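Inspection log for the structure reproduced underneath, given as structure tokens.
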Amino acid sequence: MNEVKQLPILYDFQTFEIQRYGGISRYFYEIIKRMDKKEVEVALMFSCNQYIKKKDICNYYSFLPFRVFKLFKGVLRLLNRKHALKVLSDKQFLFHPTYYDTYYLTALGDRPLVLTVHDMIHEKFPQYFSEKDKTAEKKALLIARAQRVIAISNHTKNDLIELLHVDPEKIDVIYHGINPVKSTYIGLSLPDSYILYVGERGRYKNYSRLLNVFIRLRIENKELRLVCTGKPFRKHELETLKNLGLSNYVSYVDANDDELGQLYREACLFVYPSLYEGFGIPILEAYANECPVVLSRASCFPEVAGEAGEYFDPESEEEMESAISRVLTDEERRKELIRLGNERVRLFTWEETARQTQETYHKIFKSI
């Protein structure tokens, strides 16, 4: 029997440079943390990413405050890229890039490549992106070059097959996980009664419909508030809230992991109105903190949430309003959703995500 050739795994800087918080950087942080430190390397020099701040996956980089990183972003990106290319050129690796930039293809040579595809949003909703955004083209090029592709849901796998005609045998579906420890943090001062919204608010996120629904919900419940976390409100968003008469009823909280746990735990419900997602980590975060989930019947959501969610048609404000109202007013339904969420969340662990990712690497090792 031929001995299987093992190679160390190299991850690059991309997601840790792009995101301060976010699902993709969380995903890579969690799987790298669970790999054998002797067998992995992260090519990174500078970052403001909060997940890797304690340096438990990469010791040899400088953590910078967000304001500093933003000010020197262009220079730091060049330094990160130069460092990654040097590491890649000097050693033999199995390369697992953390996003879709193709800067390394020449330096990669014949080294094996595995690519995680987080969603097909650029391909399905090109109208939401600038013509200068070449993410779709870069992604297609990398998928063609990769030995294996990881899709984070069966829905994403099906999109890859349908839109890019990727060979199904080349794709491994590996779900995201969730950390089971519930936050006990209580430092935030929050409204007594609020709906929680997590993440970006533009384009396919369907946030504008949620605002329309929230206006009608407040007619029945004057104490109800909408709390958002993710990126701070932009000027045009604040103007929209003012024009809708919602400035005093919709607020933003800049939350770290502990604070996010409190936001979920004390919310009446978490609402996810998006038209499309590749997976939806906030669903699992809500389950882990015993927060009822009301979400759109779209893309991968039924695959991830199972029976532990109150669903609505994302294009119907009436359905969205009805679903949210039902969970706000029906205490038995709330308890049932919390119970079902407790059961559902046990199916998703980062340990299993990391184990299956190692299996994907092994498939490549067996082929070289």
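The values are calculated or read from the model by the stated rules, or taken from the named source; none is laboratory data. Source: prediction; values computed, not measured. Note: ideal-geometry Cβ built from the backbone for every residue, glycine included; neighbour counts use all protein chains shown. The protein model used for the area step is the full one, side chains on, heavy atoms only, and it has no ligands, DNA or RNA in it. Shrake-Rupley method; radii C 1.70, N 1.55, O 1.52, S 1.80 Å.
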- prompt: In region 323-368, which residue that is under 21 Å from the mean Cα position of the chain (by Cα) and closer than 30 Å to LEU217 by Cα is most open to solvent (accessible area, probe 1.4 Å)?
  reply: ARG344
query: Taking the condition open to solvent by 70 Å² or more (accessible area, probe 1.4 Å), touching a residue at least 12 places away in the same chain (Cβ under 8 Å) and in contact with a strand residue (DSSP E or B) (Cβ under 9 Å, 6 or more places away or on another chain), does ARG265 pass?
result: no
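Pick out the one residue from LEU71, LEU108, LEU88 that is over 24 Å from the mean Cα position of the chain (by Cα) and surrounded by fewer than 17 Cβ atoms within 10 Å (Cβ to Cβ).
Values: LEU108 fails: surrounded by fewer than 17 Cβ atoms within 10 Å (Cβ to Cβ); LEU88 fails: surrounded by fewer than 17 Cβ atoms within 10 Å (Cβ to Cβ).
The unique qualifying residue is LEU71.
Residues are listed down the side, and each one gets a yes or a no for (1) over 23 Å from LEU160 (Cα atoms); (2) out of contact with any Pro (no Cβ under 9 Å at 6 or more places or on another chain); (3) outside any loop (DSSP other than H, G, I, E, B):
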residue	(1), (2), (3)
ARG265	yes, yes, yes
VAL271	yes, yes, yes
SER274	no, no, no
PHE279	no, yes, no
GLU285	yes, yes, yes
GLU290	yes, yes, no
VAL294	yes, no, yes
GLU303	no, yes, yes
GLU307	yes, yes, no
- request: Evaluate region 147-158: report whether one residue or more is farther than 25 Å from LEU226 by Cβ, surrounded by 13 or more Cβ atoms within 10 Å (Cβ to Cβ) and touching a Pro at 6+ places or on another chain (Cβ under 6 Å).
  value: yes
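Please return the ranges of helices (runs of 4 or more DSSP H) entirely within region 121-228 where 2 or more residues are in contact with a strand residue (DSSP E or B) (Cβ under 7 Å, 6 or more places away or on another chain). Don't jump to the end; show me each part of the working.
Details: elements: 121-124, 135-145, 154-164, 207-220.
Helices (runs of 4 or more DSSP H) meeting the threshold: 135-145, 154-164, 207-220.
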message: Every residue in region 185-217 that is touching a Leu at 6+ places or on another chain (Cβ under 7 Å), of a type outside the set (A, V, I, L, M, F, W, C) and surrounded by 16 or more Cβ atoms within 10 Å (Cβ to Cβ), please.
response: TYR194, TYR197, TYR204, ASN206
- prompt: Which residue pairs have Cβ atoms closer than 7 Å, lie 6 or more positions apart in sequence or on different chains, and pair a first residue in region 160-172 that is farther than 13 Å from GLN147 by Cβ and open to solvent by less than 50 Å² (accessible area, probe 1.4 Å) with a second residue that is at pLDDT below 95 and assigned to a helix (DSSP H, G or I)?
  reply: none
query: Has region 329-339 got any residue that is of a type in the set (Val, Ile, Thr), free of Cβ contacts under 8 Å to residues at least 40 places away in the same chain and out of contact with any helix residue (DSSP H, G or I) (no Cβ under 8 Å at 6 or more places or on another chain)?
result: yes
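Quick one: which of TYR252, TYR272, TYR287, TYR276 is open to solvent by 20 Å² or more (accessible area, probe 1.4 Å) and touching a Phe, Trp or Tyr at 6+ places or on another chain (Cβ under 9 Å)? Step through it out loud before you land on a result.
Numbers: TYR272 fails: open to solvent by 20 Å² or more (accessible area, probe 1.4 Å); TYR287 fails: open to solvent by 20 Å² or more (accessible area, probe 1.4 Å); TYR276 fails: open to solvent by 20 Å² or more (accessible area, probe 1.4 Å).
After ruling out the rest, the residue left standing is TYR252.
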task: Determine whether region 43-59 contains at least one residue that is over 30 Å from SER367 (Cα atoms), assigned to a loop (DSSP other than H, G, I, E, B), in contact with a His (Cβ under 7 Å, 6 or more places away or on another chain) and open to solvent by 20 Å² or more (accessible area, probe 1.4 Å).
output: yes
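Just to be sure I understand, how many residues within region 23-37 are open to solvent by 10 Å² or more (accessible area, probe 1.4 Å) and either touching a residue at least 24 places away in the same chain (Cβ under 8 Å) or part of a loop (DSSP other than H, G, I, E, B) (or both)?
Within region 23-37, the first condition is being open to solvent by 10 Å² or more (accessible area, probe 1.4 Å), and the residues that meet it are 23-24, 26, 33-37.
Going one step further and asking which of them are either touching a residue at least 24 places away in the same chain (Cβ under 8 Å) or part of a loop (DSSP other than H, G, I, E, B) (or both), we end up with 23-24, 26, 33-36.
So the count comes out to 7.
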